Structures are given as C-alpha cells and as structure tokens.
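Asks: Pasting in a structure now, in structure tokens, and then I'll have a few things to ask.
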Amino acid sequence: MAGSTLADILRAAAIGHFPPADGGTTVVPQPCHRDAGVIAFTAHSVVFTDEDPAWVRRTLATLDCDGLAATMNPRFLGALLDRTGRSTDTIDLLTVASPLPGPPPLRLTEVPDAGHARAGRARRRRDDVRVWAADGGVVVLGRGVAGRWETAIEVDEGCRHRGLGRALATAARHLVPDGQPVWAQQAAGNARSVRAFQAAGFRPVGAEALLLPAAGA
C-alpha cells in the first residue's frame, strides 16, 4: 500500500479489494483539513492524519490490548484527539453500496439543504449536500471523507417499523451521481439503522472513527 492515498484505499474497498489482513497499520495524510480519523478493516487499520506517523506508531505500541484492536482502543483515540484538538461522536460501522439505475422507487422531493436539521449536521462533515424529502423521512447525500459520496437518512418517529428506512437507504443508491458507490456510517449500537442499510444492500467494510475539527476551525 506504499504510496496509496486514502481515496485510493476507499476506491479499492468499495469494490471488495481490501488492505492485507496482516495486522498492520497504514498511516496516510489527511485528504483535507476537515477529514482525519481511523478506519479499521479486517486485521489492518488506516490512520489518516497529518500528525507524525512515528508518533502514531509509538502510541499504538504502548497500548496493553490486542494489537488488531489498537487503533480503535479508547486510549489511542483519546491520545489522537488530544494531540489534534479535535472531537468525535462515536465509532461507526462503515458500509458501502453500488449505485442502482433509474429513479428511486419512492416519491421524493428535493428541498433546500438549509431547510432541515439533518442537513445542518451533514454540512459539518460533507460538501455538496443535497436533501430529498419523502412522506415521513429524508435522505441526504454529500461528499464526505476523501470526496466519497455519503448518505444519511432520517425517519419520523411515527413512521418507523414500516420499511421506510430501508426504502430511503435504497433511494440513495439511485440518487448518487456519476455511477459512484455510496457510503454510509451507522453507530454500532443503532441496530435499527444497521438493519435498514443492510436490507438496502449496503455491505459492511470496516469501522470508522471520524475526528472533527474544533467548532469554527
């Protein structure tokens, strides 16, 4: 993986070509100031940061834990957060799906992204954010980590348990432009969201901890 960028690694992972399961850690530069963090694939992790790679490796070596889990260990993530002055929400399940042809099998209306709270949260993490509303929910698309297309969905409380989450996640596969794969993150504890995205054809590829710049940075 020498010479690979994060974008290269993600493009390969989207089609099922993963880093070698050798227990190693690859450190690559951040693709931009906004995007820093860790992706743990099967038995190989990628740390994307502009911090000194030697510091990353020294810090990992000090941890008293299974080496395969070291990059997602709270002590390492805490040290990385302290060193970078960033924040994080949670460790997410990282999933990806291929695009689907034709219009979504769900009636959607595109709305100004400023008109929904979900879009406001998305803009902190993504560029080119677009939002579509359905009866009882929304689907958001935008360019996230290393320029990949990412989606998020939200279902109104009164419309849950009817398959709408699955339908919205499927719609994202029709809406993604340029024949690109579409990525989505789900908090590991949000079993409802995990089930909805997997039912819509999103495949788990790893775990991701995204480190966000300080507010106003």
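Asks: Heads up, I need the accessible area for Arg130: 1.4 angstrom probe, whole protein in place, Å², nearest 10.
Replies: 110
Asks: Mind checking the dipole of the chain: about its Cα centre, +1 per Lys or Arg Cβ, -1 per Asp or Glu Cβ, Debye to the nearest 20? Don't skip to the answer; put the middle values down first.
Replies: Values: 24 positive and 22 negative charges, 89 e Å.
It works out to roughly 420 debye.
Asks: What list of whole percents do you get for P(r) of the stretch 30-111, with Cα-Cα distances grouped in 10 Å bins up to the one holding the largest distance?
Replies: 14, 41, 21, 13, 10, 1
Asks: Which FRET efficiency value, to the nearest 0.05, is calculated for Arg195 and Trp55 with the Förster distance at 41 angstrom and r the Cβ-Cβ distance?
Replies: Working: r = 39 Å, r/R0 = 0.95.
The value I calculate is 0.60.
Asks: For the pair Ala21/Asp178, report the inter-label distance in nm, with labels modelled 7 Å from Cα in the Cβ direction.
Replies: Taking the two extended label points, one gets 3.2 nm.
Asks: Sum up the charges of everything whose Cβ sits under 13 Å from the Cβ of Ala79, counting Lys and Arg as +1 and Asp and Glu as -1, but leave Ala79 out. Don't jump to the answer; show the numbers that get you there.
Replies: On the way: positive: Arg57, Arg58, Arg75, Arg83, Arg86; negative: Glu51, Asp52, Asp82.
Net charge around Ala79: +2.
Asks: Still on this structure, please answer the following. What does the net charge come to around Val96 if you take all other residues with beta carbon closer than 14 Å to its beta carbon, with K and R at +1 and D and E at -1?
Replies: Numbers: positive: Arg11, Arg148, Arg173, Arg203; negative: Asp92, Glu150, Glu208.
With Lys, Arg at +1 and Asp, Glu at -1, the neighbours total +1.
Asks: Among 175-187, 98-110, what's the highest-first ranking by average C-beta atoms within 10 angstrom per residue? Working shown, then result.
Replies: Values: 175-187: 17.7, 98-110: 12.9.
Ranking the peptides 175-187, 98-110 by packing returns 175-187, 98-110.
Asks: Under 5 Å between amide hydrogens, which residues at least 5 positions from Gln30 or on another chain qualify, with H placed 1.01 Å from N in the peptide plane?
Replies: Excluding prolines and chain starts, which carry no amide H, the hits are Thr49, Asp50.
Asks: For the chain, what is the mean residue ellipticity at 222 nm derived from helices alone (per DSSP H run of n ≥ 4: -39500 (n - 2.57); sum divided by total residues; nearest 500 deg cm²/dmol)? Present the calculation step by step, with values, prior to reporting the outcome.
Replies: Values: 6 runs with 59 residues, N = 217.
Taken over the chain, the calculation gives -8000 deg cm²/dmol.
Asks: Then there's this: Only Cα pairs under 8 Å and at least 6 apart count here; give the relative contact order of the chain as a rounded whole percent. Present the calculation step by step, with values, prior to reporting the outcome.
Replies: Numbers: 397 pairs, mean separation 53.6, N = 217.
About 25 percent, as a whole number.
Asks: Here's a follow-up. Given the Cα-Cα distance of Arg107 and Asp66 and 0.36 nm per residue of separation, how much length would full extension add, in nm? Numbers along the way, then the final one.
Replies: Details: separation 41, 0.36 × 41 = 14.76 nm, distance 4.76 nm.
Working it through step by step, the gained length comes to 10.0 nm.
Asks: Count the net charge of all other residues whose Cβ sits under 13 Å from the Cβ of Ala40, scoring Lys and Arg as +1 and Asp and Glu as -1. Intermediate results must be reported in sequence, preceding the final value.
Replies: On the way: positive: none; negative: Asp66, Asp92, Glu208.
Charge balance near Ala40 sits at -3.
Asks: Ordering Ile91, Ile15 by how much accessible area each has at a 1.4 Å probe, largest first, what is the list?
Replies: Details: Ile91 60, Ile15 120 Å².
Ranked list, largest accessible area first: Ile15, Ile91.
Asks: Same structure again: On average, how much accessible surface per residue is there in the chain, in Å², for a 1.4 Å probe, leaving out ligands, DNA and RNA? Don't jump to the answer; show the numbers that get you there.
Replies: Details: 10440 Å² over 217 residues.
Ligands and nucleic acids excluded, the result is 48 Å² per residue.
Asks: For the chain, what % of the accessible area comes from carbon and sulfur atoms, probe 1.4 Å?
Replies: Working: 5370 of 10440 Å².
Reported share for carbon and sulfur atoms: 51 percent.
The values are calculated or read from the model by the stated rules, or taken from the named source; none is laboratory data. Everything numeric here is computed off the predicted structure, so don't read it as measured data. Every residue, glycine as well, gets a Cβ built from its backbone with ideal geometry; the counts of neighbours run over all protein chains shown. SASA here: full protein model, heavy atoms, side chains in, ligands and nucleic acids out. Shrake-Rupley method; radii C 1.70, N 1.55, O 1.52, S 1.80 Å.
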